[in-house]
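These notes concern the structure reproduced below.
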Amino acid sequence: MSLIVTDIDSDYQSLLDNKDFTAVNFPIEKAVKIYGNSYSRLRGKNKLKSEIETIIGFKDDQLNSCEAIENFLVFTYYLLKTNDKLVVFTAGLSYNSIDHYIKIMEIILPRLSNRTLYVVKNFIDINESQLTDLYIHINKIEKEIIFDFMKNWLIGFKPKNEYFRYPEYFGKMEFETEDYFEMLSFILSEPNRNYEFYFINKNNSQYYPKGMILINNNSMYLGIGVNKSCEKDFIDKLTKEYDKTPIISNWLQLPY
């Protein structure tokens, strides 16, 4: 067995072209999709969860979290039982969930003979424990303010995800796209559409490598993840630009 972890900037195209590998969660037609009907229609989920916990030797609350990590753990375990080689794209998982997924798969793979799992991280690995998340909350949706934030704060950043669906994780799919701006436009076109957009910039990692646009409850949170050493400087800059003090959070917390 082998487990190989790589990132989105690495050359993994040969794996997708290799007929021996089953592509999972990539935004290409032939890939097995984890979200949407694929997971909801999977039979025997409770049995699969029980098998996973028997293998890992402890109860894992993530298996019943009703979040993206549950889909990944259960569905890829199901696929590994019948496929020798998987290459899995981690779009939709948080930083913390990717780490948890890798930890669980490191335990599971030795119990499955002759299996190979490539995990392609959906972003450059950032040590989020070294960052402070700063959010400006605006209690209504203002498209112009969002676009100004993108122009002034997210130049050079790229979306963490390469595939977007609405609703974001669960429920009957209403809209899907590979273009984050198309999804952002869709979210902003009607009220009561909640969504989380995350951005990274490996070239700006010294100061603020992470950006966020969160739409929740018909309000918006515009954020950046900043190095703790320059936290005060960015608080002052955001306060001056938006005439309000930003919400201070960390990578384990949402601002609402």
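Structure notes:
- Those strands (runs of 3 or more DSSP E) of the stretch 141-256 in which 2 or more residues are free of Cβ contacts under 8 Å to residues at least 24 places away in the same chain and over 20 Å from residue 94 (Cβ atoms) occupy 175-177.
- For residue 101, the conditions (1) of a type outside the set (A, V, I, L, M, F, W, C); (2) more than 30 Å from residue 174 (Cβ to Cβ); (3) in contact with a Leu (Cβ under 7 Å, 6 or more places away or on another chain) all hold with the exception of (2).
- Check on residue 73, in a helix (DSSP H, G or I) and either within 19 Å of the chain's Cα centre (by Cα) or free of Cβ contacts under 8 Å to residues at least 24 places away in the same chain (or both): yes
- Some residue of the stretch 34-57 being part of a loop (DSSP other than H, G, I, E, B) and of a type in the set (Ser, Thr, Tyr): yes
- Output for the stretch 33-55, where each listed residue is modelled with pLDDT of 90 or more and within 26 Å of residue 15 (Cβ to Cβ): 48, 52, 55
- Of 181, 164, 175, all but one fail to be touching a Ser or Thr at 6+ places or on another chain (Cβ under 9 Å), over 22 Å from residue 238 (Cβ atoms) and in the same structural domain as residue 211 (by TED's automatic domain parsing); the exception is 164.
- Qualifying positions in the stretch 213-236 - within 16 Å of residue 145 (Cα to Cα) and either at pLDDT below 95 or among the polar types (S, T, N, Q) (or both): 216, 218, 219
- Residue ID - nearest to residue 148 (Cα to Cα), chosen from residues in the stretch 188-212 that are buried (at least 21 other Cβ atoms within 10 Å of the Cβ) and of a type in the set (A, V, I, L, M, F, W, C): 212
The values are calculated or read from the model by the stated rules, or taken from the named source; none is laboratory data. If you're wondering where the values come from, they're calculated on a predicted model, not measured in any experiment. Quick reminder, even Gly has a Cβ in these numbers, built from the backbone with ideal geometry, and neighbours come from all protein chains shown.
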